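Novice: Here it is, the structure, as structure tokens.
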Amino acid sequence: MNHNLFKTTNLSQRSFFQKIFKQYPQENAVIEINNLFASKPLFQISKDNIASIENKYRINLLKEFGLNMEEFYAVYLNYCLKDKTLGAEELAELKHLKFVLNLNDRTIDKLHSKIGEIVYKQILRRSSFRWAAYSAGRSFFKEA
Amino acid sequence: MRYMPGLIPEESKVLPEYFKGTPYPAPAINKAQSLLYYLGAAIFFIAAIFNINHPVLTLLFGAIGFILLPQGHRWIEEKLRFRFTAKIKSVFGAVLFITAIPFVAHYQEADKKAAYQLQIRKEKEEQEKIAAEKKEQQRKDSLNFYLQAAAGLQESSKFDEALNNISYAANFSTTESEKEELNRSRNNILALKTFSLVKKGKYKEALPQLTDFLNADRGNSQLLYNRAICYSKIGKIHEAVNDLRPLLESGNEEAQKLHEKINPLRKRIAYYVTRCCDGTTSDAKGRGACSWHGGVCNWNEPVYEEYRKYE
């Protein structure tokens, strides 16, 4: 999924205390997911990849960094709606993303509603502008 | 919920108001837990303040209180960049607490020792105070004893012995008021001794002493009276009258008697008058004198006036 939506980011260094307590910077789990999205096509990313990262950092990503997981989905949804339509392939990708990130229906509905609202407003604004331009053009030609 | 910011490039960002937060939020704890943490923190902070004289304990208890506070927990995670798990927190807290125990024991012992020393010092001070009070009481008792003895001897006219007792008493006088009282007593005895000389008729011996006393106590009526006696006895009536004058003004009866004795009222002829036979007087000296008053009974009747020799 490399549509320049995500960019690879360097992992954080372990702090002194993290080394002492044998901890990994948990934010690195999110960074690794981000890097996964930035480097691989979406369908090549499996739930196992996510699970292995979770195991590595001993973290439940959805529980700890749920907002980041939602953001990954929201960013991709927003990208899909750039052309104001969702094609079958895009729908399949979103469904896969939902599955990989383990997001529930309620969260998905919420994100669709939030992003959809933004897209709808954009369409509405553009339509109003076109209608105003069309009306102005008609009156101009009438007068001519 | 935690949030890792800055991952999504600016051009791809959506819903910035919704996707925000920090990777180190406050630990998710329920109200009861939170209350317990705050209570624990408060207890340790109070313990830290209570041990403000022992900085190590203040530091240790303060640190335990700090890690118990949710704000302290977040601060540690942010600044030291690690997960301050309940396990680490418990171990860290326990280590701090266990470290504090020998210090508590040490300071308790030190405090106990200090309190004991303070008690001993106080007791010593108290004993010294009691001893000083006792000594002071003994001093006062000695002073009063010699003063009373002097007063008794003075009553029985043993003035030299009384003066000796006053000298002994002087060894026990420390305050100004006591020294003044002793001086008064000494002067009183000396005055009485001098008065006894007057009574014994040793006027010349008594006179300089009385003059000395009067130089110190000018208005003393007894001294003036006795000196007047001395002066009168050695023939210096004028000086005696001078000494008696202030006493006469104040109505001193003894002085009046002495004054009457040494400087009595005397009579002398002031002038003469012509006495008529009806008892009247006439200024005329010729034939018509007392012509309407039964004639002249005495041509030169003297008129007397009273005076004192020493005015």
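Novice: Rg(Cα) of region B:92-140 divided by 2.2 N^0.38 Å?
Specialist: Rounded to two decimals, the normalised Rg is 2.15.
Novice: State the dimensionless ratio Rg/Rh of region B:153-311 (Rg: radius of gyration of Cα atoms; Rh: Kirkwood radius).
Specialist: 1.36
Novice: Tell me, which cysteines of the protein assembly as shown are without a disulfide-compatible partner by the Cβ under 4.7 Å rule?
Specialist: If one checks each Cβ against the other cysteines of the protein assembly as shown, A:CYS80, B:CYS230 turn up with nothing under 4.7 Å.
Novice: Placing +1 on the Cβ of each Lys and Arg and -1 on the Cβ of each Asp and Glu in region B:266-308, which of B:VAL296, B:THR280, B:ILE269 has its Cα farthest towards the positive end of the resulting dipole?
Specialist: After comparing all options, I get B:ILE269.
Novice: Moving to a separate point now. For a 24 Å ceiling on Cα separation, which of these pairs sit above it: B:LYS135/B:LYS193; A:LYS82/A:LYS110; B:LYS202/B:LYS257?
Specialist: The pairs that break the limit, which is 24 Å between Cα atoms, are B:LYS135/B:LYS193.
Novice: Would you kindly calculate the mean projected area, averaged across all directions, of the convex hull enclosing the Cα atoms of region B:10-117, in square nanometres?
Specialist: With the hull built on Cα positions only, its mean projection is 9.3 nm².
Novice: Compute a Gaussian network model of chain B, connecting alpha carbons closer than 10 Å, and tell me which residue from B:SER282, B:SER177, B:SER90 fluctuates the most.
Specialist: Result: B:SER282 has the largest fluctuation of those listed.
Novice: For chain B, report the translational diffusion coefficient in µm²/s to the nearest whole number, using Stokes-Einstein at 4 °C, 1.567 mPa s, and a Kirkwood Rh over Cα pairs.
Specialist: Value of D from the Cα-based Kirkwood radius: 41 µm²/s.
Novice: Taking θ = phi - 60°, what integer Hz values does the Karplus form 6.51 cos²θ - 1.76 cosθ + 1.60 yield along region B:189-197, in sequence order, with x for Gly and Pro?
Specialist: Result, ordered by residue: 5, 4, 5, 5, 4, 5, 4, 5, 4 Hz.
Novice: Something else now. Could you check how many percent of all C-alpha pairs in the protein assembly as shown are farther apart than 39 Å?
Specialist: Taking all Cα-Cα pairs of the protein assembly as shown, the fraction more than 39 Å apart is 67 percent.
Novice: Per-residue ellipticity at 222 nm for the protein assembly as shown, helices alone: DSSP H runs ≥ 4 residues times -39500 (n - 2.57), over residue total, nearest 500 deg cm²/dmol?
Specialist: About -22500 deg cm²/dmol.
Novice: Could you give the C-alpha radius of gyration of region A:60-117 expressed as a fraction of 2.2 N^0.38 Å, taking N as the number of residues it contains?
Specialist: Here the Cα radius of gyration is 1.07 times the empirical estimate.
Novice: Cut-off 10 angstrom, C-alpha nodes, Gaussian network model of chain B. Which of B:LYS236, B:LYS124, B:LYS13 fluctuates the most?
Specialist: Looking only at B:LYS236, B:LYS124, B:LYS13, the biggest GNM fluctuation is shown by B:LYS13.
Novice: Work out, in µm²/s and without decimals, the Stokes-Einstein translational diffusion coefficient of region A:32-133 at 4 °C, 1.567 mPa s, Rh from Kirkwood over C-alpha pairs.
Specialist: Roughly 87 µm²/s, to the nearest whole number.
Novice: I need to check one value: relative contact order of chain A, counting alpha carbon pairs closer than 8 Å and at least 6 residues apart, in percent.
Specialist: 22 percent
Novice: Compute a Gaussian network model of chain A, connecting alpha carbons closer than 10 Å, and tell me which residue from A:GLY116, A:GLY87, A:GLY66 fluctuates the most.
Specialist: For chain A, modelled as a Gaussian network with Cα springs under 10 Å, the answer is A:GLY87.
Novice: For B:LYS267, go through the lysines and keep the ones whose alpha-carbon is under 17 Å away, minus same-chain ones fewer than eight residues off.
Specialist: Excluding near neighbours in sequence, the set is B:LYS309.
Novice: Which pairs in the list A:LYS84/A:LYS114; A:LYS19/B:LYS89; B:LYS20/B:LYS87 are over 18 Å apart, alpha-carbon to alpha-carbon?
Specialist: With Cα atoms farther than 18 Å apart: B:LYS20/B:LYS87.
Every read-out reported here was derived from the displayed coordinates using simple, explicitly stated rules and does not represent laboratory data. Because the structure is predicted, anything quoted here is derived from the model rather than measured. Neighbour counts are summed over all protein chains in view; Cβ atoms, including those assigned to glycine, are modelled from backbone coordinates with ideal geometry.
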